[in-house]
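The values are calculated or read from the model by the stated rules, or taken from the named source; none is laboratory data. Remember, it's a predicted structure, so these values are computed and weren't measured experimentally. So basically every Cβ, Gly included, is an ideal-geometry build from the backbone, and we count neighbours across all protein chains shown.
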Amino acid sequence: MTDWIEHFRAATRGMTVAHVWRGYGSALFLELGELTPSCRRDGSPAAPQGEIGVMIEWSWRIEDERSVLCGSFSAEELWAPMFDRLVGREVIGLTTFGRLPEILLSLDNGLYVASFMTAEGDPAWTMFDRRNSKCLALYCRSGLLCIERD
């Protein structure tokens, strides 16, 4: 059996956060590595996709060593400036924490991006590995790590 967290840990280590964007509601997307343009179904431009993508549907927070700087329930005007602080930073670590696996992405500027579900159900994060012709998606369901192949 493949250790999928180790797969994504190794894949993300040393990659740069190339793009950060907000999806519907408070969904947070971090695109790592080389970007590829993408389109919506209607042909209009969409956010570019990185080699590795990290999606945290909700809840999430951005921390430094001593405090939470911003999160999915913070005032939205705080989000864009905080997202800007993530772009261009190198990933130095990726780990899971908690009995139900949440993810923590560590960056070289002392910032951390964490999933942190605060409602019933599963942690709402997914990581995508788009480096090959078949995309891999890792997520949590019923407290277990699950993988899907495109």
Open item on the list: All but one of (1) surrounded by 11 or more Cβ atoms within 10 Å (Cβ to Cβ); (2) farther than 21 Å from Thr96 by Cα; (3) not small (Gly, Ala, Ser) hold for Arg13; state the number of the condition that does not hold.
Closed with: (2)
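Condition first: farther than 26 Å from Pro48 by Cβ and among the polar types (S, T, N, Q). Can you find one or more residues in segment 122-134 that meet it? Please lay out each step first, then the result.
Here is the first cut: in segment 122-134, the ones farther than 26 Å from Pro48 by Cβ are 122.
Now restrict to residues that are among the polar types (S, T, N, Q): none.
Within segment 122-134, none of the residues are farther than 26 Å from Pro48 by Cβ and among the polar types (S, T, N, Q).
May I ask you to verify whether Ile62 is touching a strand residue (DSSP E or B) at 6+ places or on another chain (Cβ under 7 Å), under 18 Å from Glu90 (Cα atoms) and modelled with pLDDT of 95 or more?
Details: touching a strand residue (DSSP E or B) at 6+ places or on another chain (Cβ under 7 Å): yes; under 18 Å from Glu90 (Cα atoms): yes; modelled with pLDDT of 95 or more: yes.
Yes, satisfied.
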- [ ] Could you check Arg22 against (1) among the charged types (D, E, K, R); (2) touching a residue at least 24 places away in the same chain (Cβ under 8 Å); (3) in contact with a His (Cβ under 6 Å, 6 or more places away or on another chain) and say which number it fails?
- [x] (3)
TODO: Out of Ser59, Ser67, Ser74, report the one residue that is touching a Ser or Thr at 6+ places or on another chain (Cβ under 7 Å), closer than 20 Å to Met117 by Cα and of a type outside the set (Phe, Trp, Tyr).
DONE: Ser59
Open item on the list: I'd like the residue in segment 102-150 that is assigned to a strand (DSSP E or B) and of a type in the set (Gly, Ala, Ser) and, out of all such residues, is surrounded by the fewest Cβ atoms within 10 Å (Cβ to Cβ).
Closed with: Ala137
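Scanning for something closer than 23 Å to Asp122 by Cβ, modelled with pLDDT of 95 or more, of a type outside the set (A, V, I, L, M, F, W, C) and touching a Phe, Trp or Tyr at 6+ places or on another chain (Cβ under 9 Å), does segment 45-54 turn up at least one residue?
First pass over segment 45-54, keeping only residues closer than 23 Å to Asp122 by Cβ: 52-54.
This time we only want the ones that are modelled with pLDDT of 95 or more, so: 52-54.
Retained after the next criterion (residues that are of a type outside the set (A, V, I, L, M, F, W, C)): 53.
After this cut, where a residue has to be touching a Phe, Trp or Tyr at 6+ places or on another chain (Cβ under 9 Å) as well, the list is 53.
Scanning segment 45-54, I find at least one residue that is closer than 23 Å to Asp122 by Cβ, modelled with pLDDT of 95 or more, of a type outside the set (A, V, I, L, M, F, W, C) and touching a Phe, Trp or Tyr at 6+ places or on another chain (Cβ under 9 Å), so the answer is yes.
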